[in-house]
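Visitor: Here you go, one structure.
Coordinate-derived values only; no laboratory data. Since this is a predicted model, take the numbers as computed values, not measurements.
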């Protein structure tokens, strides 16, 4: 077999040679199998029988060395994979990461160890079967869910989507990974809004553009104060211009029904993303909303582009959808309703529709006012 003596001779050598000879035979046989390239099925079966006989009889160091050699083989049966997994020691996770393929049986056996590092390595692979994925999703491990969230090979549908969306509400790393995926509806990250980066917050808001949303419980509160919209924007402009953010916090708590901690986060969010949600939910237009955002956002860098982005959001994001987002912050809605067809965003664009909307001179003036504000503060 494979350039060695017949299989029966190997059996005699094993039985009569002691541990040292067994160690030598094991390493030599594994090296020969790896050098063989892609063996035939009968050759693999014969080597498997030999390996199953040699590994238990060899010493610990030889078993580890043989397993390290065997990982380079072009073809491994589930039984041979099992021998590697059992004896490769500290290099197990590295092997899982680099192995070209792993059988479903091997993956399930590894998951059964209930080791989060091993399971996370499996969750990063591109070839887990549905049965393996189901087992991984059953594990209560942040490492596993972070790996699954970042794995583009995991299809975000059904129970998998629900599980990852729930995990994102409790783990900001999962939320960030999902926000970076083009196949994930960022609107489902609404409860994690304050835990993700500035770019991810804008992506969450954009995910509500051009889509209907279920009725938001907070809508009734908003309707009661909508008549005082102008007074609200004037009050916020004054408070932000004087940097009285604690008072902004109290005002927001009074009108939104959100808890004071959440309102404090909104008031101190110098990117303006959280404040935009409130302003749009209360029906502010771009012209009025920008007047508030100019005073509320940071001025340590050029914010013109960011404010220009908010202009497009005011125009494309419906008021009701931002009310829905605020209700999500209060935990009043089931975000998974958004996966229903009637709440999917309408993104189809007509070829006759201009790519860039017409600019409003008043909005342009509001953006330009940012530079003057920055100049006055710098002086």
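Visitor: Can you give me the pair-distance distribution of the stretch 50-149, C-alpha pairs, 5 Å bins, whole percents?
Guide: Taking every Cα pair in the stretch 50-149, the percentages come to 2, 13, 25, 23, 17, 10, 6, 2, 0.
Visitor: While we're here: Quick check on the stretch 29-101: what are the equivalent-ellipsoid semi-axes from the Cα gyration tensor, as sqrt(5λ), descending, whole Å? Don't skip to the end; give the middle numbers.
Guide: On the way: eigenvalues 61, 46, 20 Å².
Values for the stretch 29-101, descending: 17, 15, 10 Å.
Visitor: Next up: What is the Cα centroid distance between the stretch 233-305 and the stretch 117-140, reported in whole angstrom?
Guide: 43 Å
Visitor: Find the Rg to Rh ratio for the stretch 159-292, where Rh is the Kirkwood radius over alpha-carbon pairs and Rg uses the same atoms. Write out the running numbers ahead of the final one.
Guide: On the way: Rg = 15.6 Å, Rh = 15.9 Å.
Radius of gyration relative to Kirkwood radius: 0.98.
Visitor: If you don't mind, another one. Please compute the Cα-Cα pair-distance distribution of the stretch 101-184 with 5 Å bins starting at 0, giving whole percents from short to long.
Guide: P(r) for the stretch 101-184, in whole percents per bin: 3, 17, 30, 27, 16, 7, 2.
Visitor: Largest first, please: the extent of the C-alpha atoms of the stretch 269-342 along each principal axis, to the nearest Å.
Guide: So the extents along the principal axes, rounded to whole Å, are 40, 21, 19.
Visitor: Follow-up question, since we're still on this one. Principal axis lengths of the stretch 108-236 from Cα atoms, whole Å, largest first?
Guide: Its Cα atoms span 64, 24, 23 Å along the three principal axes.
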